[in-house]
Amino acid sequence: MNKVKKRIAVFASGSGSNAERFFEYFKDSPVAEVALVCCNNPDAYVLERAKKHEVPSWLFTNQELKEAVPVVQKLKEEAIDFVVLAGFLRLIPAALVAAYPDRIVNIHPALLPKWGGKGMFGSRVHESVVKAGDLETGITIHFVNNQYDEGNIIFQARCPVAPEDGPEEVAQKVHKLEHEHYPRVVAQLLQGRAENSDS
Ligand code: GRF
């Protein structure tokens, strides 16, 4: 393993409960630290969470993201090694993917390839699961490429959907899985250890 601590940037657009799990998980880790929160929404609660954990944050515009150069520049300036998307709602531009090949991961709140793609985020995913009468759902951690939710899958975990579950109950179960696995799976990736998806 590389002796130097890896520097992670977490991209988030909203509440940031997953981002917060990363702050906690890597607080005293010898493997990595969350060096920067990157956010495209000035009202996002993730900014409060970052402040509370004394993690620097950087606010950028969707135009800057589209241009990619300002974002890549910032990540390079901050010596970022690895990018974690945690509730980040914009497509990552090709130039950013190219700057961090196999170094950008995302979490999707369903078992891809089911219920993925453009526009499939947040409650829409869980509503689809319930509407379809799926008996299980879960999480998918995957590499990011130039298409929404289509990069190679790294890890999946499952949970049952009970007949009485509505989208809100499903969301809670899925969030629990996300918090349990996402930072841990990233830590393993950073240490060059692959793990097979569960069941
Ligand atoms: C998570 O469900 C994640 O799977 C999805 O966006 C949600 C973000 O939740 N990509 P939070 O902001 O981390 O609470």
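The values are calculated or read from the model by the stated rules, or taken from the named source; none is laboratory data. Predicted model only: the values in this text are computed from it and were never measured. All Cβ positions, even for glycine, are placed from backbone atoms using ideal geometry, and neighbour counts span all protein chains on display.
Details
- From the list K118, K131, the lone residue that is in contact (Cβ under 8 Å) with a residue 12 or more places away in the chain and either away from the ligand (no atom under 13 Å from the Cβ) or of a type outside the set (F, W, Y) (or both) is K118.
- Test set (1) touching a residue at least 40 places away in the same chain (Cβ under 8 Å); (2) in contact with a Gly (Cβ under 9 Å, 6 or more places away or on another chain); (3) of a type in the set (A, V, I, L, M, F, W, C) - V37 fails condition number: (1)
- Figure legend. Inter-residue proximity from segment 50-68: first residues farther than 25 Å from A94 by Cα, second residues of a type in the set (F, W, Y), beta-carbon distance below 7 Å, spacing 6+ or different chains. Indicated pairs: H53/F23; V55/F23.
- Flag for F60 being touching a Cys at 6+ places or on another chain (Cβ under 8 Å), within 19 Å of A79 (Cα to Cα) and either within 13 Å of the ligand (Cβ to nearest atom) or modelled with pLDDT of 95 or more (or both): yes
- Qualifying positions in segment 1-17 - more than 15 Å from I104 (Cα to Cα) and surrounded by fewer than 22 Cβ atoms within 10 Å (Cβ to Cβ): M1, N2, K3, V4, K5, S13, G14, S15, S17
- Scanning segment 159-190 for residues that are surrounded by 13 or more Cβ atoms within 10 Å (Cβ to Cβ) and assigned to a loop (DSSP other than H, G, I, E, B) returns V161, D165.
- Residue in segment 26-41 that is of a type in the set (K, R), surrounded by 14 or more Cβ atoms within 10 Å (Cβ to Cβ) and either more than 16 Å from the ligand (Cβ to nearest atom) or more than 13 Å from the chain's Cα centre (by Cα) (or both) present: no
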